[in-house]
Amino acid sequence: MKELIDRLVRPEIRALNAYHVPEAAGLIKLDAMENPYVWPESLKTEWLDALRDVALNRYPDPSGRALQETLREAMEIPSDMGLLLGNGSDELIQMLALTVAQPGNPLRTGPSASLRTGILSLDPGFVMYRMIGLFAGMDYVGVPLQADDFSIDLPATLDAIARAQPALIYLAYPNNPTGNRFDADDMVRIIEAAPGLVIVDEAYSPFTDSSFLGLLGDWPNLLVMRTVSKMGLAGLRLGYLVGPPAWLQEIDKVRLPYNVNVLTQASATFALRHKAVMDEQTRAIRIERTHLFESLTRIECLHAYPSEANFILVRVPEGRADSLFSGLRERGILIKNLHGTHPLLRDCLRITVGLPEENAALMAALTDLL
Ligand code: PMP
């Protein structure tokens with residue numbers, strides 16, 4: 001069996017571990033950038049009533065038309081732009097790769113034979129850009145961010161773009177796991193220098209006031225990707241891509257039929273019609289982010305990086321990240337340990353903003369451990 005597996009599975013896949021999610025039962029969960037708030041009982045009842053008529057025996061509407069209409073209105077999507085739904089934005093990242101990847105094909109001739117079809121992004125960044133590129137057989141170039149504040153190193157980035165000629169460039173705005181929002185002028189320089197598509201990933205848009213959505217159409221190679229995960233609907237798995245219709249028509253061709261299931265379509269449509277509830281939760285998270293940042297900053301030996309997302313990156317004293325992570329876990333608090341994942345994240349932990357009492361428990365445990 002092993003011999004057959006070795007023969008059939010590509011070495012780069014053999015070398016991987018499956019995506020690991022740590023066990024979180026019974027823990028205060030501050031590891032995954034989720035919204036900690038639940039819905040009021042009355043809204044839950046109304047939602048369950050809305051699900052009563054969902055036809056489970058039928059396949060979903062293939063492109064989720066009702067949901068698309070509601071999304072357009074709720075998220076103020078420009079009417080001349082196309083919209084494509086994914087099973088989380090992870091699936092959209094996969095669709096983008098499948099659309100442009102050109103795995104080595106000895107039969108390929110003509111103008112596309114010598115095209116470089118890699119992915120470029122800024123590191124440390126969201127790992128799925130690189131992972132999905134690897135699944136699709138695409139090269140990945142990660143340009144290091146500036147070490148002191150994780151801003152864009154523009155000369156290095158423009159140089160890397162010129163050399164790699166990437167088909168896809170991902171810019172997370174704000175960035176995960178660093179939490180900062182890149183300079184918009186730097187982003188524009190990258191969009192203008194890019195030989196291929198630039199996807200501005202606005203997964204954390206509920207927590208910042210800046211967006212590229214209104215700039216769509218200014219450049220033919222700009223797409224904006226978003227998700228409902230961080231606004232309080234992570235369990236539904238729904239992401240959306242916005243951009244020029246001609247691009248989205250192509251990407252739509254690699255979408256699996258019925259990729260957004262009936263329960264997600266119905267629940268997201270319902271939720272977006274009650275978006276005010278989630279907007280209120282988002283406001284509370286933003287206020288808590290300020291409190292948490294101030295509390296972390298008061299501990300002298302910590303460095304908290306300013307965040308426009310729903311998490312805060314913290315650098316702890318040298319050599320302490322692993323013990324602080326496990327100490328917090330023993331005290332019932334799960335965060336993300338980034339130490340060892342990238343040279344620029346040495347001694348770094350990422351803390352998702354939780355409920356006020358969860359953040360207070362974190363601060364008490366952290367103070368105790370330090
Ligand atoms: N983009 C960024 C920058 C993220 O941090 C995440 C989630 N961690 C995603 C996309 C994926 O979100 P989704 O839940 O929609 O797959």
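The values are calculated or read from the model by the stated rules, or taken from the named source; none is laboratory data. Because the structure is a prediction, the values reported are computed rather than measured. Reconstructed Cβ throughout: ideal geometry from the backbone, glycine too, with neighbour counts over all protein chains shown.
Kindly provide the set of residues from segment 294-352 that are charged (D, E, K, R) and over 24 Å from Ser151 (Cβ atoms), ordered by number.
Of everything in segment 294-352, those that are charged (D, E, K, R) and over 24 Å from Ser151 (Cβ atoms) turn out to be Arg298, Glu300, Arg320, Asp322, Arg329, Glu330, Arg331.
Would you check if there is a residue in segment 186-199 being in contact (Cβ under 8 Å) with a residue 40 or more places away in the chain and outside any loop (DSSP other than H, G, I, E, B)?
yes
Considering segment 213-248 alone, what residues qualify as being away from the ligand (no atom under 14 Å from the Cβ), in contact (Cβ under 8 Å) with a residue 24 or more places away in the chain, assigned to a loop (DSSP other than H, G, I, E, B) and not small (Gly, Ala, Ser)?
Leu216, Trp219, Pro220, Asn221, Pro244
Quick one: is Asp80 acidic (Asp, Glu) and surrounded by 10 or more Cβ atoms within 10 Å (Cβ to Cβ)?
No.
Can you find a residue in segment 273-285 that is polar (S, T, N, Q) and touching a residue at least 24 places away in the same chain (Cβ under 8 Å)?
Yes, the conditions are met somewhere in segment 273-285.
Hey, among Glu202, Glu192, which residue is within 10 Å of the ligand (Cβ to nearest atom) and either touching a Gly at 6+ places or on another chain (Cβ under 6 Å) or acidic (Asp, Glu) (or both)?
Glu202 is the lone residue from the list that is within 10 Å of the ligand (Cβ to nearest atom) and either touching a Gly at 6+ places or on another chain (Cβ under 6 Å) or acidic (Asp, Glu) (or both).
Just one of Leu120, Leu158, Leu154, Leu134 is buried (at least 23 other Cβ atoms within 10 Å of the Cβ), more than 14 Å from the ligand (Cβ to nearest atom) and among the aliphatic types (A, V, I, L, M); which is it? Spell out the reasoning first.
Numbers: Leu158 fails: buried (at least 23 other Cβ atoms within 10 Å of the Cβ); Leu154 fails: buried (at least 23 other Cβ atoms within 10 Å of the Cβ); Leu134 fails: buried (at least 23 other Cβ atoms within 10 Å of the Cβ).
Checking each option against the conditions leaves just Leu120.
Considering only residues that are farther than 14 Å from Ile190 by Cβ and either surrounded by 23 or more Cβ atoms within 10 Å (Cβ to Cβ) or small (Gly, Ala, Ser) (or both), which ones fall in segment 161-178?
Those that are farther than 14 Å from Ile190 by Cβ and either surrounded by 23 or more Cβ atoms within 10 Å (Cβ to Cβ) or small (Gly, Ala, Ser) (or both): Ala167, Pro177, Thr178.
Conditions tested, residue by residue: (1) among the hydroxyl-bearing types (Ser, Thr, Tyr); (2) buried (at least 20 other Cβ atoms within 10 Å of the Cβ).
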| site | (1), (2) |
| --- | --- |
| Arg181 | no, yes |
| Ala193 | no, no |
| Glu202 | no, yes |
| Val224 | no, yes |
| Thr227 | yes, yes |
| Gly235 | no, no |
| Gly243 | no, yes |
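Within segment 344-364, can you find the residues that are out of contact with any strand residue (DSSP E or B) (no Cβ under 6 Å at 6 or more places or on another chain) and without any contact (Cβ under 8 Å) to a residue 60 or more places away in the chain?
Arg346, Glu357, Ala360, Ala364
Based on this model, can you work out whether Gly340 counts as outside the structural domain of Phe207 (by TED's automatic domain parsing), assigned to a helix (DSSP H, G or I) and either of a type outside the set (Ser, Thr, Tyr) or under 30 Å from Leu43 (Cβ atoms) (or both)?
Answer is no for this residue.
Can you find even one residue in segment 267-276 that is away from the ligand (no atom under 15 Å from the Cβ), more than 30 Å from Ala160 (Cα to Cα), at pLDDT 95 or above and outside any helix (DSSP H, G or I)?
Scanning segment 267-276, I find at least one residue that is away from the ligand (no atom under 15 Å from the Cβ), more than 30 Å from Ala160 (Cα to Cα), at pLDDT 95 or above and outside any helix (DSSP H, G or I), so the answer is yes.
Using the structure shown, decide if Asp31 is within 21 Å of Arg286 (Cβ to Cβ) and of a type in the set (Asp, Glu).
The answer is yes for Asp31.
For segment 72-103, give me each residue that is in contact with a strand residue (DSSP E or B) (Cβ under 8 Å, 6 or more places away or on another chain), away from the ligand (no atom under 13 Å from the Cβ) and in a loop (DSSP other than H, G, I, E, B).
Answer for segment 72-103, where residues must be in contact with a strand residue (DSSP E or B) (Cβ under 8 Å, 6 or more places away or on another chain), away from the ligand (no atom under 13 Å from the Cβ) and in a loop (DSSP other than H, G, I, E, B): Met75, Ile77, Pro78, Met81.
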